[in-house]
Each structure stands twice: as structure tokens, then as C-alpha cells.
Amino acid sequence: MKYEIDAARHELDLYMTSDGVYYPPLNEVRRQLAMDLVDGRYDKVKAMMAFRNIVESAAQDHKRQFPDFDLDVTSDFAIAGHQRTLMEEFEAEVSVGNYNNLLPLAYRKEMMDLVKNGDVPKPIKKKAKYKREG
């Protein structure tokens, strides 16, 4: 079951990446989240929810375009997993100073100051599932 969910999440990611329809709305969400970060209003839960509508729309479009596809990309687990992936990617990219080009000029200097001081959210590091022996 877990592998099916991971495969469905990955398929959804590939579909959203290859279809140019989702690029502008994703950039708008990223711009808004970066502005919230500069203003001090960034929240991880709200960041995940900001991506939800786009991911759900992509899942429905995928289901319409490929009705005979074996995996259920519209499942809540696949959608939530991809939301989390998008949020983690955003945090990783913004922590090194990317997405500054999406910000208005007034916000760019403040964002660079946040990045230099290390005040941006750190990406979530995944814990190892297995302990090494030896």
C-alpha cells in the first residue's frame, strides 16, 4: 500500500512538472509564501494548504486525461504527500536564496538579509529508518 501511495505521489509530481499549466500558479504561491516569510507571517501548515488547491486540480486533471491509469492519484494520501513535497522543496530553495526573482524589489533586500542571517526555515531533514550496525 505504501509503495502505491509513493508511486501515485511521484506520478502526480511528474504530471505537474511536465504540464506547463501548473507553473504560473505554483510560482504565485511561492511568491506569496516568500513575501509572508519576509513579513514574519510564514507558517508551515498554511504553506502546505496553499499548495492543496493546485495539487487537487492536477490530480483531477490527471484522472480525466488518463482514466485507465492503475494508481489512484486523487487519493488523500497522494495529494497530502505531494503537498508536503512541494512545501519541503520551497523551504529548501528559499533557504539558499532562490525565489528572490519572484519578489517585488522592496522585499528582495530583506529576503537576502534573512538568508544571510539564517532566519529562514530550514528544510526538514528526514530521519534514517534503519540504524547502521558496526
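The values are calculated or read from the model by the stated rules, or taken from the named source; none is laboratory data. Everything numeric in this text was worked out from a predicted model, so none of it was measured. FYI the Cβ positions are ideal-geometry reconstructions off the backbone, even for glycines, and counts take in every protein chain you see.
Side notes on the structure shown:
- Within region 25-42, if we keep just the residues that are more than 17 Å from E89 (Cβ to Cβ) and not basic (K, R), the residue that is nearest to the chain's Cα centre (by Cα) turns out to be M35.
- Selection from region 44-59 of residues that are under 20 Å from H10 (Cβ atoms) and among the hydrophobic types (A, V, I, L, M, F, W, C): M48, F51, I54, V55, A58, A59
- Scan of region 32-43 for residues that are among the charged types (D, E, K, R) and either surrounded by 14 or more Cβ atoms within 10 Å (Cβ to Cβ) or in contact with a Lys or Arg (Cβ under 9 Å, 6 or more places away or on another chain) (or both), ordered by number: D36
- K125 vs. criteria assigned to a helix (DSSP H, G or I) and at pLDDT below 90: no
- Any pair with Cβ under 6 angstrom, 6 or more apart, that starts in region 65-94 at a residue that is without any contact (Cβ under 8 Å) to a residue 24 or more places away in the chain and ends at one that is in a helix (DSSP H, G or I) and of a type in the set (D, E, K, R): T74/K63
- Residue, surrounded by the fewest Cβ atoms within 10 Å (Cβ to Cβ), within region 1-21, restricted to residues that are touching a residue at least 40 places away in the same chain (Cβ under 8 Å) and small (G, A, S): A7
- Residue within region 53-66 that is at pLDDT 90 or above, crowded, with 16+ Cβ neighbours inside 10 Å and hydroxyl-bearing (S, T, Y) present: no
- Selection within region 22-42 - farther than 21 Å from V55 by Cβ and free of Cβ contacts under 8 Å to residues at least 12 places away in the same chain: D39, G40, R41
- Residue satisfying condition, being under 15 Å from L86 (Cβ atoms) and among the charged types (D, E, K, R), within set R30, R41: R30
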